[in-house]
Each structure stands twice: as structure tokens, then as C-alpha cells.
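Encoded as C-alpha cells, the structure appears first; notes follow it.
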Amino acid sequence: MTLPTQSTLEELDPVFAEMAAASFRPTASGAQLTPRERTIVSLVADVCEQILGTPFELHVRAALNNGLDADDLRELLRFVSYDSGYPAALAALERLIEVEREHGLPGPTGHRHELNVAGTGSPMPATLRTEMNAIDPGFAEYMDLQSRMRADMSRISVRERALASMTVDVIYQTLEESFRIHVGRALGAGVTPDEVRAAVRATATFGMTRAWRALIVLDGLLIDLEV
């Protein structure tokens, strides 16, 4: 496998490589998040920011090293597409396929989940559906569809999906309604408050000030949710 490594960064600029390594070390330390979960956070941030060059390749390498395969990566992109935006996820999928071909990596096996496109309703909480219908029925139907199409996903766990959704909120700074829902979903999936903080902290290497703002908002959310 010839994907980029730390030495690739050192060839570009040894000082920058040393700064980057020192900066990623604190977010990777501790036992709050698994290496697989930290990789998911990084990949989702790449999608949102459309960082699809060397950093994306480094994170694909980390994903493969941490137990994510080609099918898992595709499910992650399918899952995050409704929050990141379909165009952003599609660009990342296209780049992933290029990376796999360029480096001779194993491709997908064809595993897929059932979409239930033509169904009705959704797994969304009834209170949220009622609230969205009051705001805009057409948008509520769109949210129903997005939620319904993802209900049968299994390769990326509920816990991992919650961390992925929180990452989108931090990167896009959507720190009100959706962030509250996603933090609540993470806590409901067994993620501890310390692990929620670690997930937000893990985004700091993608922009310290955004993580800073998200941590401030998170403090208030955890108080409101009485955690």
C-alpha cells in the first residue's frame, strides 16, 4: 500500500510536519474515543471541508488500519450525505474510488442496506416530526425520507453515526437544533459526556475556533440535558 505517511509530510515541509504531528497527538491521546471513531471524525470533517487531497488519503490509510473496509467507508459516506450535503459526499466518493484504484486497494464487495425509498413515516422521534411539519410539511417529508433511507444501516454503529453527525455540526457550526439532537442521540447510544467532549475536541485540528465555540455550546447542552 503506497498511501501517504508522515514521511510524505516531512518531504513537503519538515517544520509543518512536526507541527502537525504535535497538534494531532493531544486529540489522539486518551481512551475516550477508539482509533476507529477518531478516523470517522476525520473523514467526516474531510467531506464537509472538501479536503480530498493528501489529508484525505492519510485518513483513508488510517481507516483501513483501524478496521474500516471499502464497504464501511461507502456506508459512512451514504450516511453523512444528508447532513454534509449530497454533492460533498459524492465528491468524496469519487475521490475514494480514485484512491482505491491508484493504490491498488480492495474495493467494495457490493454490500448494501435496504433503502425503503417508497415507504412512509420515518424512525425520527414523533415530537421532532410534529415540530418539522409545523415549520414546513414539504421539508418534513424530505427529513422523513432521509431518515427512512438510513434506518437499515448496520456497518457503521449508532454510536459512530451520532459522532459523525456531531462532527458535521461542529464543522458547519450548526450548533443549535441539530447539534442538540445529535448530542442527545450520542448520549442515548451510550456515549459518555467525556466522550462527547473528546469527539468535539478531535475536530480542533480542522479549525480550533470552531471546536472552541462548539465546546462552549456543549457545556450548556449537557446542563440542559441534566447529564
message: With the structure loaded, tell me whether Val196 is under 21 Å from Ile51 (Cβ atoms) and of a type in the set (Val, Ile, Thr) or whether it fails that test.
response: no
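Name every residue in region 18-39 that is aliphatic (A, V, I, L, M) and at pLDDT 85 or above, in order of residue number. Quick ask: steps written out before the conclusion?
Within region 18-39, the subset aliphatic (A, V, I, L, M) is 19-22, 28, 31, 33.
If the condition is that a residue be aliphatic (A, V, I, L, M) and at pLDDT 85 or above, then Met19, Ala22, Leu33 are the ones that fit.
Which count do you get for residues in region 29-41 that are open to solvent by less than 20 Å² (accessible area, probe 1.4 Å) and not hydrophobic (A, V, I, L, M, F, W, C)? Don't jump to the end; show me each part of the working.
Filtering region 29-41 for residues open to solvent by less than 20 Å² (accessible area, probe 1.4 Å) gives 33, 37, 39-41.
Add one more test, that the residue is not hydrophobic (A, V, I, L, M, F, W, C), and what stays is 37, 39.
Selection size over region 29-41: 2.
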query: Quick check: anything in region 63-82 farther than 19 Å from Phe206 by Cα, acidic (Asp, Glu), open to solvent by 50 Å² or more (accessible area, probe 1.4 Å) and without any contact (Cβ under 8 Å) to a residue 12 or more places away in the chain?
result: no
- line: Taking region 44-62 and the residues there that are free of Cβ contacts under 8 Å to residues at least 40 places away in the same chain and assigned to a helix (DSSP H, G or I), the one that is most open to solvent (accessible area, probe 1.4 Å) would be Pro55
message: Out of everything in region 140-155 that is hydrophobic (A, V, I, L, M, F, W, C) and within 30 Å of Thr109 (Cα to Cα), what residue ends up being least open to solvent (accessible area, probe 1.4 Å)?
response: Met153
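Just name the residue that is least open to solvent (accessible area, probe 1.4 Å) out of those in region 83-101 that are free of Cβ contacts under 8 Å to residues at least 24 places away in the same chain and of a type in the set (D, E, K, R). It would help to see each step written out before you state the result.
The initial filter retains those residues of region 83-101 that are free of Cβ contacts under 8 Å to residues at least 24 places away in the same chain, namely 85-87, 90, 93-94, 97-98, 101.
With the extra rule that they be of a type in the set (D, E, K, R), the set shrinks to 94, 98, 101.
Numbers: Glu94: 115, Glu98: 79, Arg101: 192 Å².
Restricting to residues being free of Cβ contacts under 8 Å to residues at least 24 places away in the same chain and of a type in the set (D, E, K, R), the top hit is Glu98.
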- prompt: Out of all the residues in region 119-139, is one or more open to solvent by 70 Å² or more (accessible area, probe 1.4 Å), in contact with a Ser or Thr (Cβ under 9 Å, 6 or more places away or on another chain) and not in a helix (DSSP H, G or I)?
  reply: yes
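The values are calculated or read from the model by the stated rules, or taken from the named source; none is laboratory data. Quantities reported herein were computed from a predicted structural model and do not represent experimental measurements. Note that we place each Cβ from the backbone using ideal geometry, even for glycine, and neighbour counts take in every protein chain shown. The protein model used for the area step is the full one, side chains on, heavy atoms only, and it has no ligands, DNA or RNA in it. Shrake-Rupley method; radii C 1.70, N 1.55, O 1.52, S 1.80 Å.
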